[in-house]
Amino acid sequence: MKTDISNNIKFVGVNDHNIDLFEGQFIVPNGMSYNSYIILDEKIAVLDSVDKNFGSEWISNIKSQLNGKNPDYLVVHHMEMDHSANIKLFTEVFPEAKIVASKLAFVIMNNLFDADFSDKQIVVTEGSTLSLGKHCLNFIAAPNVHWPEVVMSYESTEKILFSADGFGKFGALDKESGTSPEEWTCEARRYYFGIVGKFGEPVQAVLKKLPNIQIEKICPLHGPILTENLSYYINLYDIWSSYKPESQGIFIAYSSVYGNTKKAVEEFAEILKAKGCTKVKIADLAREDMAECVEDAFRYDKLVLATTTYTNDIFPVMKEFIHHLVDRNYQNRTIGLIGNGSWNPVATKVMATMFEKSKNINLVEPSVTIKTALNKEARENLEKLAEHLI
């Protein structure tokens with residue numbers, strides 16, 4: 001795998017192919033990368049650590065670039081453990097190196113290692129700089145993207161943004177088929193809305209700072225280094241973090257116990273297509289990756305939810321899905337509701353209530369209630385719902 005970012009900046013991170021669930025919840029069939037970088041200058045800086053399982057490999061990668069020298073600094077952009085677990089190991093191997101991080105990062109280090117490295121601390125915040133010789137890191141405060149201690153840094157000589165978890169994606173780097181926008185977008189979107197999605201306002205605050213600097217490369221803590229079409233990636237982050245729809249289309253998420261709700265959804269999709277809707281996507285919440293479904297709910301401008309009444313509530317997987325959306329500040333969308341129930345159908349009412357505190361949600365009326373199985377009246381109401389969505 002290529003390790004050169006430039007003549008003086010190298011990749012010293014690792015790829016994880018043993019992981020089954022990232023953060024204990026996200027399916028990562030192509031593994032994960034934990035990115036770390038080294039800047040070789042009069043002073044040498046290593047940027048970020050890696051997951052605890054790869055400490056020896058990481059130290060070996062660093063030493064392979066040093067030519068017998070020692071690093072002067074470890075820069076910590078983000079203290080989540082997949083990027084910080086080997087800080088203590090680094091201090092044991094390179095005891096003379098200083099640690100550069102935000103004030104809160106050192107508090108978290110103390111929690112993690114029972115040591116705040118007070119004899120090694122260099123505290124940085126917005127506007128702080130770290131000169132390495134020809135290279136200079138300019139620090140950008142990025143609190144709550146997506147932890148409160150986060151900083152990014154901009155290397156002004158080579159015009160590189162070290163973006164912490166921003167602009168990251170799922171997937172190990174040696175599994176990448178390429179780094180074109182199309183190959184990046186799906187897993188980056190799933191990553192963003194799964195992990196960063198709640199924090200749109202802090203992301204917007206950082207994006208407002210970027211026009212003031214000229215960026216030629218973006219080096220995130222996960223995923224590929226971005227070197228071309230940077231406006232494409234920055235624009236997507238602007239769309240995602242402002243909770244705007246990325247694409248026109250209708251995403252239908254459903255749960256079905258005995259198949260009747262599924263049948264209604266399939267018929268409804270055909271009704272939509274017959275009325276001219278060219279993009280309709282359907283997902284069975286009980287059988288598909290929940291993070292993919294959350295991603296698609298944020299991707300499209302319209303959402304239809306279909307589920308059964310269950311214990312005078314709604315089916316659990318639908319409740320979980322809506323919680324994921326609401327917890328991530330789902331807003332600026334049109335939503336249609338389809339409920340199924342036999343003697344006390346409350347599904348549409350429960351789903352509507354769950355969005356009561358969400359911003360700019362247009363709940364389409366009428367909602368559709370199916371009493372066990374589709375009949376003429378229910379089909380007519382599906383037609384009316386489709387007319388309101390098109």
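The values are calculated or read from the model by the stated rules, or taken from the named source; none is laboratory data. All values derive from a computational prediction rather than experimental measurement. Positions of Cβ are backbone-derived with ideal geometry, glycine not excepted, and every protein chain shown enters the neighbour counts. For the accessible areas, the whole protein counts, side chains as well, though only heavy atoms, and no ligand, DNA or RNA atoms are used. Shrake-Rupley method; radii C 1.70, N 1.55, O 1.52, S 1.80 Å.
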- Out of all the residues in region 339-377, which are open to solvent by 50 Å² or more (accessible area, probe 1.4 Å) and assigned to a strand (DSSP E or B)? Asn362, Leu363, Thr369
- For region 265-312, the count of residues that are of a type in the set (Gly, Ala, Ser) and not in a helix (DSSP H, G or I) equals 4
- Task: Could you check, for region 35-42, whether at least one of its residues is among the polar types (S, T, N, Q), more than 22 Å from Asn7 (Cβ to Cβ) and part of a loop (DSSP other than H, G, I, E, B)?
- Result: no
- State yes or no: is Lys262 assigned to a strand (DSSP E or B), of a type outside the set (S, T, N, Q), open to solvent by 10 Å² or more (accessible area, probe 1.4 Å) and modelled with pLDDT of 95 or more? no
- Item | Residues being open to solvent by 30 Å² or more (accessible area, probe 1.4 Å), of a type in the set (Asp, Glu) and farther than 19 Å from Asn362 by Cα - total across region 276-335 | 5
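Quick one: in region 201-226, which of the residues that are among the charged types (D, E, K, R) and assigned to a loop (DSSP other than H, G, I, E, B) is surrounded by the fewest Cβ atoms within 10 Å (Cβ to Cβ)?
At the first step, the residues of region 201-226 found to be among the charged types (D, E, K, R) are 201, 208-209, 216-217.
Restricting the remaining residues to those that are assigned to a loop (DSSP other than H, G, I, E, B) gives 208-209, 216.
Details: Lys208: 10, Lys209: 14, Glu216: 14.
Selected residue: Lys208.
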- Residue check, Glu267 of a type outside the set (A, V, I, L, M) and under 21 Å from Glu365 (Cβ atoms): yes
- Query: Pairs under 8 Å by beta carbon, first residue at positive phi in region 321-335, partner of a type in the set (S, T, N, Q), six or more apart or different chains?
  - Reply: Asn329/Ser358; Asn332/Asn360
- Got a number for residues in region 104-120 being open to solvent by 70 Å² or more (accessible area, probe 1.4 Å) and without any contact (Cβ under 8 Å) to a residue 24 or more places away in the chain? 4
- Query: Right, Glu380: open to solvent by 70 Å² or more (accessible area, probe 1.4 Å), free of Cβ contacts under 8 Å to residues at least 40 places away in the same chain and under 18 Å from Lys275 (Cα atoms) or not?
  - Reply: yes
- Note on the structure: Of the residues in region 121-159, those that are open to solvent by 20 Å² or more (accessible area, probe 1.4 Å), part of a strand (DSSP E or B) and within 27 Å of Pro95 (Cβ to Cβ) come to Gln121, Ile122, Val123, Thr129, Ser131, Cys136
- Any chance you could count how many residues in region 29-50 are open to solvent by 10 Å² or more (accessible area, probe 1.4 Å) and farther than 23 Å from Ile122 by Cα? 2
